[in-house]
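The values are calculated or read from the model by the stated rules, or taken from the named source; none is laboratory data. Since the model is a prediction, treat every value here as computed from it, not as a measurement. Please note: Cβ atoms are built from the backbone with ideal geometry, for glycine as well, and neighbour counts cover all protein chains shown.
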Amino acid sequence: MALLRSPKATSVDDENPYWMSFSDVMSGLLVIFILASVILILQLMELEQQTEQKQERLQEELVELEKEIEELRKAEQVRRNILTEAAEILQKRGIQVEVSENSTVLRIPNQLLGFDTAADQIGQQYEDTAREIGEVLHQLISKEDRSDYLDTVFVEGHTDSRPFTGRLCGEKGNWCLSTFRAISLWQFWERSLQENGKLSSLKNGEGKPLFSVSGYAETRPVVEDQRTADDYSKNRRIDIRFTIRRPSSEDYEKVRAKVDLTK
């Protein structure tokens, strides 16, 4: 009698030859997912660190930008203080000078200097007044290193609208006359001011001479429609124009770049 053999047990893997391959694929994908997650987390942490560093740099740039703006504000305030203080001091001495509306020019009217028509020399009876103006300017500019905030102080000569054809200037006319008036006042200050109070000794923030002279002829009148002797006289004057130190074009580019970073 033949013995009956029980059928051989068959494993699931033997019955499903693709199951093991599927499990291996899933295990591999899980490992890849975990690795990708770790890499992503590390990248996010690095990105966060870079963002914090960028914000720190940006904050430093903003602080520096604010300092530069503050320096400009201080320079404008220094100029304003010089002009208002000069006007107040001279007014107390009976010398009526004028300050322009934008606080950039100290105007010396002709009645304080006595420039006659077609004349470029200060009247002798006005020399004491002219000297006091120069003394006050030196006193106020040299106070508290104010000159460091200034670029140039122009002694500007001006004429009335009537053409000047004097032998000294020839065809240069009022341009020559206005410039000679400015030179005349400057040379008078150089002769009359004490050695330790000369305006030529003042330097700007770059160590260059602070004062300069220029002439504008009749191109910048105080009175546009000149008809009377008083109208003409008002335009024959000296303006002391104060310009402050400002950033160079390169500095402006740096500032603009900093502003772009804030956007």
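Filter segment 169-188 for residues that are under 17 Å from Q124 (Cα atoms) and either of a type in the set (G, A, S) or over 30 Å from the mean Cα position of the chain (by Cα) (or both) and give the result. Don't jump to the end; show me each part of the working.
The initial filter retains those residues of segment 169-188 that are under 17 Å from Q124 (Cα atoms), namely 180-188.
Of everything in segment 169-188, those that are under 17 Å from Q124 (Cα atoms) and either of a type in the set (G, A, S) or over 30 Å from the mean Cα position of the chain (by Cα) (or both) turn out to be F180, R181, A182, S184, Q187, F188.
Given (1) touching a residue at least 40 places away in the same chain (Cβ under 8 Å); (2) touching a Phe, Trp or Tyr at 6+ places or on another chain (Cβ under 7 Å), identify the lone condition not met by W189.
If we test W189 against (1) touching a residue at least 40 places away in the same chain (Cβ under 8 Å); (2) touching a Phe, Trp or Tyr at 6+ places or on another chain (Cβ under 7 Å), just (2) comes out false.
List every residue pair whose Cβ atoms sit under 7 Å apart, with the two residues 6 or more apart in sequence or on different chains, where the first one lies in segment 101-119 and is over 12 Å from S233 (Cβ atoms) and the second, anywhere, is aromatic (F, W, Y) and in a loop (DSSP other than H, G, I, E, B).
A118/F164
Please go through segment 213-229 and pick out each residue that is surrounded by 15 or more Cβ atoms within 10 Å (Cβ to Cβ) and polar (S, T, N, Q).
Result: S214, Q226.
If I ask for residues that are in a helix (DSSP H, G or I), on the phi < 0 side of the Ramachandran plot, surrounded by fewer than 21 Cβ atoms within 10 Å (Cβ to Cβ) and in contact with a helix residue (DSSP H, G or I) (Cβ under 8 Å, 6 or more places away or on another chain), which ones from segment 145-179 would you list?
Correct list: R146, S147, C176.
Give segment 211-235 a look and list any residue that's outside any strand (DSSP E or B) and either touching a Ser or Thr at 6+ places or on another chain (Cβ under 6 Å) or without any contact (Cβ under 8 Å) to a residue 12 or more places away in the chain (or both), or say none.
Listed by number, the residues that qualify are Y216, A217, E218, T219, E224, D225, Q226, R227, T228, A229, D230.
Quick test of your reading of the structure: D145 fulfils all but one of (1) closer than 23 Å to A229 by Cβ; (2) at pLDDT below 95. Name the failing condition by number.
(1)
Would you be able to tell me the number of residues in segment 71-98 that are surrounded by 18 or more Cβ atoms within 10 Å (Cβ to Cβ) and part of a loop (DSSP other than H, G, I, E, B)?
Total satisfying the criteria: 2.
With respect to the numbered conditions (1) touching a Gly at 6+ places or on another chain (Cβ under 8 Å); (2) farther than 23 Å from I133 by Cα, which one is the sole condition not fulfilled by S214?
In the conditions (1) touching a Gly at 6+ places or on another chain (Cβ under 8 Å); (2) farther than 23 Å from I133 by Cα, S214 misses (2) alone.
Hey, could you check segment 99-144 for residues that are within 17 Å of A182 (Cβ to Cβ) and among the charged types (D, E, K, R) and say which is surrounded by the most Cβ atoms within 10 Å (Cβ to Cβ)?
Looking at residues that are within 17 Å of A182 (Cβ to Cβ) and among the charged types (D, E, K, R), I get D120.
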